[in-house]
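The values are calculated or read from the model by the stated rules, or taken from the named source; none is laboratory data. For clarity, every value in this text was computed on a predicted model and none was experimentally measured. So basically every Cβ, Gly included, is an ideal-geometry build from the backbone, and we count neighbours across all protein chains shown.
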Amino acid sequence: MQDKRCGGFGGPWALAWQAVSFPLSGGVMQASLAPSTASGPGVRLGASALACRRGDRLLFSGLSLALRPGEALRVAGANGIGKSSLIRILAGLAAPYAGTVEREGAIGLIDERLALDPALPLGQALAFWARLDGVEEDALSANLAALGLDELTDVPVRYLSTGQKKRAGLARLLGQRAAIWLLDEPLNGLDTAACAVVEALAAQHCAGGGICLIASHQPFALAGMAVLDLAEFAA
């Protein structure tokens, strides 16, 4: 089997988190995001000769990658090719059929499962995780405002639209302060403005020394991001 290696762009960026403008459906909103990256020189995500099997079908094999602080990688490919399976393997939620994964740094994951109580108002659902993550109330409020969710804190999570739920997941992700972001189809169901929000957050995360690995069949605008086509590793 051929072993192919893929990395992101150059070394770690030294830029700090700062005030950021996000174009939302109601206009451009400016807010200061609370620092969310618990990064450092030791942060890294790597995989060597990975293979993934689903039932009797080998989805991919011989896949290797290496990401350091400030780097980003988009995993591209058609639906069903194994992008979500790769994300779960890298997150430690599934074992590879072959190969190894190395992680240094906390993992933050966004996929189709929103880790918020659907029966609770959004503000309470996020406050639950904020207490566990040690996020100050002011920081949570800043993230909600930056994501255009501050007017929705009394709305039960189950009543949020697809785009609002995606932004709620991002608010949770920011509170985790995870250095490594694994984003599985983060643009699904979002309009153009909301997609720009996700792309801006990913750029800010990498600028703060974080790592982004994004599985998406859609284009994702992030300067310097490398692209890994999963079809090249199909078994």
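If residue 139 meets every condition in (1) in contact with a Leu (Cβ under 6 Å, 6 or more places away or on another chain); (2) over 23 Å from residue 90 (Cα atoms); (3) surrounded by 19 or more Cβ atoms within 10 Å (Cβ to Cβ) apart from one, which number is that one?
Condition not satisfied by residue 139: (1).
Taking the stretch 142-171 on its own, how many of its residues are touching a residue at least 12 places away in the same chain (Cβ under 8 Å), hydroxyl-bearing (Ser, Thr, Tyr), in a loop (DSSP other than H, G, I, E, B) and exposed (fewer than 15 other Cβ atoms within 10 Å of the Cβ)?
In the first step, residues of the stretch 142-171 are kept if they are touching a residue at least 12 places away in the same chain (Cβ under 8 Å); the result is 142-149, 152-158, 160, 162-171.
Still in the running and hydroxyl-bearing (Ser, Thr, Tyr): 153, 162.
Next, only the ones that are in a loop (DSSP other than H, G, I, E, B) stay: 153.
Still in the list and also exposed (fewer than 15 other Cβ atoms within 10 Å of the Cβ): none.
Going through the stretch 142-171 one residue at a time, the tally reaches 0.
Scanning for something at pLDDT 95 or above, among the aliphatic types (A, V, I, L, M), closer than 17 Å to residue 235 by Cβ and not in a loop (DSSP other than H, G, I, E, B), does the stretch 27-49 turn up at least one residue?
yes
Of everything in the stretch 218-228, what is within 26 Å of residue 58 (Cα to Cα) and at pLDDT 95 or above? Give them in sequence order.
If the condition is that a residue be within 26 Å of residue 58 (Cα to Cα) and at pLDDT 95 or above, then 226, 227, 228 are the ones that fit.
Among the residues of the stretch 187-204, how many are crowded, with 20+ Cβ neighbours inside 10 Å and small (Gly, Ala, Ser)?
Looking only at that region, the number is 3.
Could you grab me the full set of residues in the stretch 100-124 that are more than 27 Å from residue 216 (Cα to Cα) and in a helix (DSSP H, G or I)? Break it down stepwise before answering.
First, the residues of the stretch 100-124 that are more than 27 Å from residue 216 (Cα to Cα): 119-121, 123-124.
Result: 123, 124.
Is there any pair with a first residue in the stretch 120-138 that is under 16 Å from residue 152 (Cα atoms) and modelled with pLDDT of 90 or more and a second that is buried (at least 17 other Cβ atoms within 10 Å of the Cβ) and of a type outside the set (A, V, I, L, M, F, W, C) whose Cβ atoms are under 7 Å apart and which are 6 or more apart or on different chains, and what are they?
What qualifies is 126/172.
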